[in-house]
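Notes to accompany the following structure.
The values are calculated or read from the model by the stated rules, or taken from the named source; none is laboratory data. Because the structure is a prediction, the values reported are computed rather than measured. All Cβ positions, even for glycine, are placed from backbone atoms using ideal geometry, and neighbour counts span all protein chains on display.
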Amino acid sequence: MSENNGINLLVPYEKTNSELKTIKDIDELNNDKEKIQKINLSHNLLSEIKEFFIFPKLVYLDLSFNRIYSLDSLSPLSNLEILILSNNYINDIYKSLYYLKKLQHLDLSKNRIDMNNSLIISSLKENPELISLLLKDNINYDFDKTKFLCLEKLSKLTFLDAVKISATTLDLNKPIKKCFVYAKDIKGNLKKIRTLKEYIKFKKNDFNNNEEEYDNNFKNNKEKIENNIQKLHNGYKSSYYFLKYLYS
């Protein structure tokens, strides 16, 4: 984010926890649509992101904790640098973020995206400035697997789920960046992984060799996990706090 567009310098509008279903009737927001750069309407009942296409200067948009199902194409919001859509019902992002060339931080955590779809990470290659990405608590999400894919496909990405990730480049002159990640088995042992195929094999072998331990671990934690789901959901902090640290 440029210094002139620092988080605290944006022309803001905020209205959270107000049961909003549409922004059409918010006079003070619509009257300043040519000026507004930052909008926070988290914890409402909004279902359409298209409503925000009327804000050509929008740099920061927080629509977390709403009822958004679909993104479609967000091309009218081409100036966005920060997009926070956690805790919605989004199930796909393919091609919808294509025109957001300035996007630096994207939060899609706690949605309904199937992370087994390899196109999810690949599609983010169209966002060349992306340095921070949150995807936790989506369907079939595996942090280590996603970390490897991000290192392989997203050249500038530095933070995944607020964790700093890094790659070791073996030959800077080669066009394809070779890197490794450390994968951890259920006993806490680390193994250096260089390919996605190698990672999948490692995880399968770990499960096959420690199936009883995995089963006991699941049984012991099932009740605790279920009891904490609502608590975790209610206590989830907006990415705004992480970003204040990241850009300070």
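Somewhere in the stretch 160-182, is a residue at pLDDT below 80 and outside any loop (DSSP other than H, G, I, E, B)? Scanning the stretch 160-182, I find at least one residue that is at pLDDT below 80 and outside any loop (DSSP other than H, G, I, E, B), so the answer is yes. Among the criteria (1) at pLDDT 65 or above; (2) among the β-branched types (V, I, T); (3) not in a helix (DSSP H, G or I), the one I200 does not fulfil is (3). The C-beta contact set for the stretch 104-132 (first residue more than 18 Å from N88 (Cβ to Cβ) and among the acidic types (D, E), second residue at pLDDT below 95 and not in a helix (DSSP H, G or I), distance under 6 angstrom, 6+ apart or interchain) comprises E126/Y98; E129/K102; E129/Q104. Among the conditions (1) free of Cβ contacts under 8 Å to residues at least 60 places away in the same chain; (2) within 24 Å of A162 (Cβ to Cβ), the only one that S64 does not satisfy is (1). Test D25 against the stated conditions and say whether it is surrounded by fewer than 22 Cβ atoms within 10 Å (Cβ to Cβ), of a type outside the set (K, R), in a loop (DSSP other than H, G, I, E, B) and under 19 Å from the mean Cα position of the chain (by Cα). When the stated conditions are applied, D25 does not pass them. Within the stretch 116-130, the set of residues being part of a loop (DSSP other than H, G, I, E, B), surrounded by fewer than 18 Cβ atoms within 10 Å (Cβ to Cβ) and not polar (S, T, N, Q) comprises P128, E129. The condition (being under 27 Å from E34 (Cα atoms) and not β-branched (V, I, T)) is satisfied by just one residue among L119, L63: L63. Restrict the check to the stretch 39-54 and report whether at least one residue is among the aromatic types (F, W, Y) and part of a loop (DSSP other than H, G, I, E, B). No, the stretch 39-54 has no match at all. For the stretch 93-110, a tally of residues being over 18 Å from K145 (Cα atoms), within 15 Å of the chain's Cα centre (by Cα) and part of a loop (DSSP other than H, G, I, E, B) returns 7.
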